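What follows is one structure encoded as structure tokens, with my remarks underneath.
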Amino acid sequence: MKNIIRSAQRNAKLSFLMYAAFGLCFTACSDDDESNGGGSGDLPAMSDLGITHQVTGIIDSKGNMSTFNYVDGRLTSGHTYVDDMDFTIGGSPLTVWCGVEESDGEKYEETYTNIKTNSYGAMTYAEVKWREEGYGEVYEGGGTFTIEYDDNRLTKITIEESDAEGDYTYTYKTEFVHSWDGNNITKVTAKETETENDGSEEYTDTYEYTDYYEYGSNPETNSGIYLPQLAIMDSDFMCYAGLFGRTTSHIPESATIDGQNYEFSVDKDSQGRITAFYENGYLYESYFYDGQTPSAARTTINKAPAKTKGHGLMRKIAKRIIARNTGR
């Protein structure tokens with residue numbers, strides 16, 4: 001049986017969990033005390049996330065836009081440009097939902113329930129279900145995930161999901177390990193493994209990478225953005241809600257990602273808020289705050305080379321399962 005890992009899938013970095021819902025069994029544990037989530041009051045506070053100014057809108061280099069709505073300083077709803085999904089966060093017990101109905105009639109959604117959090121409100125455990133309707137068929141999957149932290153700094157995510165039909169089994173597992181120097185992330189190590197067994201033979205393919213972030217002697221202070229290169233940013237709204245812990249205190253000056261070297265820079269406004277993030281001199285994302293209209297900057301942003309808009313992590317896994325089962 002053919003291995004189902006494709007180079008294109010490898011290049012599309014498994015930006016996380018925020019986006020890990022398919023028959024997943026992520027295994028990890030938190031160093032912080034766990035509790036059950038509740039309404040918006042139980043969501044992470046800005047002061048615990050390394051954020052001084054809350055981002056209310058993001059536009060990527062292609063003009064795709066995320067918008068964030070806050071209640072009492074907590075992110076509770078909005079829209080993410082990843083898969084063009086709307087999302088809600090809240091309720092008692094705490095539930096996270098995101099979904100989209102696309103122009104071709106295809107529908108997709110993810111629901112996170114039975115969420116546990118650490119003392120800061122970051123997720124340490126959740127049960128996740130995904131559902132896709134399209135081409136006259138309905139596909140569903142689900143599982144669990146856990147995340148480890150060190151004083152609200154995300155240190156490890158392990159994602160594991162499986163699917164079976166008759167004698168055939170498929171298992172997917174990936175780990176992201178984040179290393180920190182104080183409150184600055186310095187290294188991300190990822191390992192992705194896919195295993196297929198047709199009852200007589202087993203096939204395994206493994207892909208690994210390590211990314212390094214350098215800060216130099218005088219790095220820019222981070223007003224509250226999450227580095228868009230991180231895999232977990234496939235779920236940008238979960239990052240900005242604080243469900244994956246705090247962000248970095250500073251912006252790295254450079255990075256080595258998949259063996260390629262990159263230089264980073266930012267623009268700030270008069271209040272010290274980051275308004276633009278550049279990769280090798282090209283605009284990567286722009287950021288907006290209360291009272292600003294993200295759509296007004298689309299013309300400027302579209303002048304930058306557009307990056308490919310991919311699926312969030314969870315939907316990438318769902319697409320693999322659906323493709324394996326249907327051939328599409």
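Any read-out appearing in this document is the output of simple, stated calculations on the displayed coordinates, not a laboratory observation. Please read all numbers here as calculations on a predicted model, not as lab measurements. Positions of Cβ are generated from backbone atoms using ideal geometry, with glycine treated the same way; all protein chains shown enter the neighbour counts.
Taking the simple approach of a point 7 Å from Cα along Cα-to-Cβ for both E101 and T221, what is their distance in nm?
A separation of 4.7 nm, rounded to one decimal place.
Strictly over 24 Å apart at the Cα level, which of K129/K173; K191/K268; K107/K129 would you flag in this model?
Details: K129/K173 17 Å; K191/K268 35 Å; K107/K129 14 Å.
Among K129/K173; K191/K268; K107/K129, the Cα-Cα distance tops 24 Å for K191/K268.
Quick one: if the Förster radius is 25 Å, what FRET efficiency do Y282 and D181 give, using the C-beta to C-beta distance and rounding to 0.05? Walk me through the numbers on the way to the answer.
Values: r = 27 Å, r/R0 = 1.08.
The calculated FRET efficiency here is 0.40.
Name the shape class, rounded, prolate or oblate, that the alpha-carbon gyration tensor gives for the range 168-226, where a ≥ b ≥ c are the square roots of its eigenvalues, rounded holds for a/c under 1.5, and otherwise prolate holds if a/b is larger than b/c and oblate otherwise. Could you put the intermediate results ahead of the total?
On the way: a/c = 5.46, a/b = 3.65, b/c = 1.49.
It comes out prolate by the Cα gyration axes.
With labels modelled as points extended 7 Å from the Cα through the Cβ direction, what inter-label distance (nm, one decimal) is found for T195 paired with D269?
Going from the T195 label point to the D269 one covers 5.1 nm.
Report the gain in length on full extension from D258 to S119: 0.36 nm times residue separation, minus Cα-Cα distance, nm rounded to one decimal. Please list the in-between numbers first.
Working: separation 139, 0.36 × 139 = 50.04 nm, distance 3.40 nm.
Between D258 and S119, full extension yields 46.6 nm more.
With equal scatterers on the alpha carbons only and no solvent term, can you work out the Debye log10 of I(q)/I(0) for the range 134-182 at 0.18, 0.23, 0.31 1/Å?
Taken in order of the listed q values, log10 I(q)/I(0) reads -0.73, -0.91, -1.14.
Evaluate the charge dipole of the range 194-244 about its Cα centre and quote only its size in Debye, nearest 20, assuming +1 on the Cβ of each Lys and Arg and -1 on the Cβ of each Asp and Glu.
About 580 debye.
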